[in-house]
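Undergrad: Structure incoming, see below.
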Amino acid sequence: MAAREFPFQQLIVIGGTGQTGHRVLELAVEFSNARLVATSRKATVDSGCALPDGPLAATVMQDAKKWGAKVKWCALDLEADTPALLRALELLAANLMTGKRTALVFASAFTNVEACEADARFCERVNERNTAAVLKWARDRFGATLVFFSSDYVFDGVAGPYVENAPRAPLSVYGRSKAFIEEWLENNAPASLIIRTTGVYDYLPGSKNFLMQMLAAWGQGKPTPVPNDQLANPVWAHDLARATLELLGRSCRGVYNVAGATRLVRADFAGMIAKVFGLDSALVQPIETKALGQKALRPLDGGLVCDKLKSELGWAPAGAAEVLESLKWLYTR
Ligand SMILES: NC(=O)c1ccc[n+]([C@@H]2O[C@H](COP(=O)([O-])OP(=O)(O)OC[C@H]3O[C@@H](n4cnc5c(N)ncnc54)[C@H](OP(=O)(O)O)[C@@H]3O)[C@@H](O)[C@H]2O)c1
């Protein structure tokens with residue numbers, strides 16, 4: 001997207017260190033007119049330049065250095081208590097201008113589904129209370145257009161893939177926290193963009209996404225049990241970020257599904273990764289979800305229909321085989 005097409009003068013990316021937030025920033029640095037402010041749980045100062053800190057992939061940090069002053073980094077920890085969160089938001093506000101057309105892309109979350117189930121109060125603090133507080137702050141203080149990433153975990157997985165207006169029926173604490181913010185936005189900021197996605201992956205060393213988890217385990221020769229009954233259509237973070245900025249740029253509002261072109265069970269996705277990356281497919285151990293003994297229920301027949309996205313943008317994210325083929329050159333054992 002050319003800089004002149006982007007209708008915002010300021011873009012705030014909450015969670016610029018995650019795979020999606022990072023890719024959004026990578027594309028957004030092309031906008032010469034937009035001020036870019038990103039948050040990381042921690043931010044440090046290196047050679048006078050604020051940079052993200054924390055459990056970052058080396059590639060993310062390298063890019064952050066390359067972008068230099070184009071991206072201003074601020075610390076924002078969603079685990080904070082209310083006074084600490086408000087102090088962090090004050091510091092964030094000091095790096096922004098009022099009266100500018102502002103968008104906020106909220107790409108942070110406590111994404112560990114099992115840990116959310118084990119500690120529902122913690123999940124509620126990070127993914128509901130503090131997330132809503134940041135969204136409200138951006139709405140009230142900057143009149144920001146809000147973008148939030150939700151999930152096919154807002155559905156029960158009885159009859160996927162799901163269209164945008166299917167009724168929500170989350171099975172897990174994590175899924176309920178996503179449904180909570182969807183409802184909060186519908187009631188409090190109806191002109192927001194809610195992007196539902198599923199199985200986000202990318203080649204980003206250090207990231208804990210499914211692709212990187214499989215490559216890390218198999219690099220050590222560790223066979224990995226992978227569910228053979230969870231259907232979804234995983235999406236490349238780069239495609240997700242591109243769709244996000246295009247939808248935002250076209251003033252699209254409401255719910256949009258953004259997911260990959262190939263719907264398959266997780267064990268087949270793992271097998272595809274092994275095949276494309278030239279690894280032993282015997283390292284994939286297909287297993288039924290219920291045999292994994294997990295606390296959180298998963299939507300089994302999941303995934304998202306992307307027809308609305310395709311008719312709006314004229315394209316939709318690529319399928320897994322095509323993306324993996326394009327990424328395999330990055331992998332060195
Ligand atoms: N990954 C998926 O398959 C998937 C599917 C559906 C929806 N989504 C949603 O899409 C969004 C982006 O996901 P992703 O896969 O890009 O996530 P990711 O790579 O796991 O990154 C998560 C981001 O959240 C930040 N974060 C985590 N806990 C935090 C806290 N307590 N305070 C502040 N920041 C915190 C992380 O910061 P650090 O770098 O400091 O850890 C990181 O920037 C999330 O809302 C997620 O729920 C993801």
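The values are calculated or read from the model by the stated rules, or taken from the named source; none is laboratory data. The shown structure was predicted, so the numbers you read here are calculated from the model rather than taken from an experiment. Because the Cβ atoms are built from the backbone with ideal geometry, glycine has one as well, and the counts that use them run over all protein chains shown.
Undergrad: Do you know which of the residues in region 238-247 that are farther than 10 Å from Val258 by Cα and crowded, with 22+ Cβ neighbours inside 10 Å is nearest to the ligand (Cβ to nearest atom)?
TA: Selected residue: His238.
Undergrad: When you check Arg196 against the structure, is it of a type in the set (Lys, Arg) and surrounded by fewer than 21 Cβ atoms within 10 Å (Cβ to Cβ), yes or no?
TA: no
Undergrad: Tell me which residues, restricted to region 179-220, are part of a loop (DSSP other than H, G, I, E, B) and either of a type in the set (A, V, I, L, M, F, W, C) or within 8 Å of the ligand (Cβ to nearest atom) (or both).
TA: Residues satisfying the conditions are Ala189, Ala191, Thr198, Gly199, Leu204, Ser207, Lys208, Asn209.
Undergrad: Quick check on Asn112: is it among the polar types (S, T, N, Q), under 17 Å from the mean Cα position of the chain (by Cα), modelled with pLDDT of 95 or more and crowded, with 19+ Cβ neighbours inside 10 Å?
TA: So Asn112 does not fit the description; no.
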